[in-house]
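Here is the structure we will look at.
None of the figures in this text is laboratory data; all of them are computed from the coordinates on show. In this text, all values refer to a predicted model and were calculated from it rather than measured experimentally. So basically every Cβ, Gly included, is an ideal-geometry build from the backbone, and we count neighbours across all protein chains shown.
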């Protein structure tokens, strides 16, 4: 009997020892599942928002990011989290809770989502949720990767800035950093999670590039009276008359600036000889239009659709944003019989951005 009793005691003792060992192992496994806080994160907006005005409730700009708020998590683990903002609540705009920024014309809206479930080959994210005027609690899962034991627990956040009033197209507005934009609280592991900052931005009216004549070509230019005995052979020319024009181009957000121009005429007798046919009772002459090139010499204007900047500076280079062009016009004898009289012709100078 004593032997049996001793056996039972030893057996119970062994069972107790086994249970104790199991409890210790279980405790060690739970402790190893703890996550630690992730690194700081921020959301970056465009530095400058160009605009032509916004109506109330319009989206001004937005930014978003995915942040690993907890790391070194067991791949099967999750965490109870809370998200909130300390920004003052202004109400709903477009049905979405909206908060104050440093500028009363601009409000901020926050939305977020997280992993609801994760497993081998699956990762299910929640729908996008709007942060309300208090704080939201949710349970998020860590990412699952069968090749590693420790993974991160991410959330995705978007910040949308909206107009809290009608904003005129000539207004400039500045919005300071949202620091913090929102806070996260870890209610499972007690980790101190870093707050998230959203960078500020400025708004200014959009500027459009344009070119204008500061001294326009003459609407009409009288040529020098030319005696027919000066034009006895084809190719001979009469005295020149000078004229010029100047321009100014302003760069904008749509174009870097730089000028170009064309010489257009329905009377053009070619694209590179600068010759214009004439109307009137004078016969045997054309008009020759020339321009000073970069070497200071007069050259025939390139008539037609050809742009002058490629001629003057080389393909791919614009004319200066501010400049002038010196030109000349004169009669030139052609092969027809010459008859004295009056002669007219037309040419248009088209100034444009390069």
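Placing dummy labels 7 Å off each Cα toward the beta-carbon, the span from residue 44 to residue 174 is 2.1 nm. The slack in the chain from residue 336 to residue 136, taken as 0.36 nm per residue of separation less the alpha-carbon distance, amounts to 62.8 nm.
The relative contact order of region 34-205 comes to 37 percent, based on Cα pairs under 8 Å that sit 6 or more residues apart. Each helix, a run of at least 4 DSSP H residues, gives -39500 (n - 2.57); summed and divided by the residues of the chain, these come to -3500 deg cm²/dmol at 222 nm. Peptides 162-168, 134-140 ranked from most to least packed by the mean count of surrounding Cβ atoms within 10 Å: 162-168, 134-140.
Kindly rank 99-110, 274-285, 41-52 from highest to lowest mean number of other beta carbons found within 10 Å of each residue. Don't jump to the answer; show the numbers that get you there.
Values: 99-110: 19.7, 274-285: 18.1, 41-52: 15.3.
Peptide ranking by packing, descending: 99-110, 274-285, 41-52.
DSSP bridge analysis restricted to the chain gives an antiparallel fraction near 90%, rounded to the nearest 5. Distance from the Cα centroid of region 150-178 to that of region 238-312 is 51 Å (rounded to whole angstrom). On the beta carbon distance between residue 156 and residue 52, with R0 = 25 Å, the FRET formula returns roughly 0.20. Overall, the ratio between the Cα radius of gyration of region 34-205 and 2.2 N^0.38 Å, rounded to two decimals, is 1.13.
Taking the longest Cα principal axis of the chain as reference, the axis of helix 2-32 is set at about 20 degrees.
In the frame of its principal axes, the chain has Cα extents of 154, 45, 29 Å, reported largest first.
Got the relative contact order for region 160-311 handy, in percent, Cα pairs under 8 Å and 6 or more residues apart?
Details: 223 pairs, mean separation 24.9, N = 152.
Result for region 160-311 is 16 percent.
Each peptide among 250-261, 229-240 gets the average number of other Cβ atoms lying within 10 Å of its residues, and from highest to lowest they stand as 250-261, 229-240. Overall shape: prolate for region 210-353, with the ratio a/c of the largest to smallest alpha carbon gyration tensor axis at 1.5 or above and a/b above b/c. Taking all Cα pairs closer than 8 Å and separated by 6 or more residues, the relative contact order of the chain comes to 16 percent. Multiplying the residue separation of residue 236 and residue 219 by 0.36 nm and removing their Cα-Cα distance gives an extension gain of 3.5 nm. Where in region 321-354 is the amide nitrogen less than 14 Å from a point lying 7 Å along the Cα-to-Cβ axis of residue 228? Residues 333-334, 336-343 qualify, since their backbone N sits under 14 Å from the label point.
Round to the nearest 0.05 the FRET efficiency obtained for residue 305 and residue 183 when R0 = 56 Å and r is the Cβ-Cβ distance.
The calculated FRET efficiency here is 0.35.
The length gained by stretching the chain between residue 143 and residue 273 to full extension, at 0.36 nm per residue less their Cα-Cα distance, is 39.4 nm.
Under the rule a/c < 1.5 gives rounded, and otherwise a/b versus b/c splits prolate from oblate, where does region 264-309 land using the Cα gyration tensor? Intermediate values should be presented prior to the final figure.
Numbers: a/c = 3.51, a/b = 1.69, b/c = 2.08.
In terms of gyration-tensor shape, oblate.
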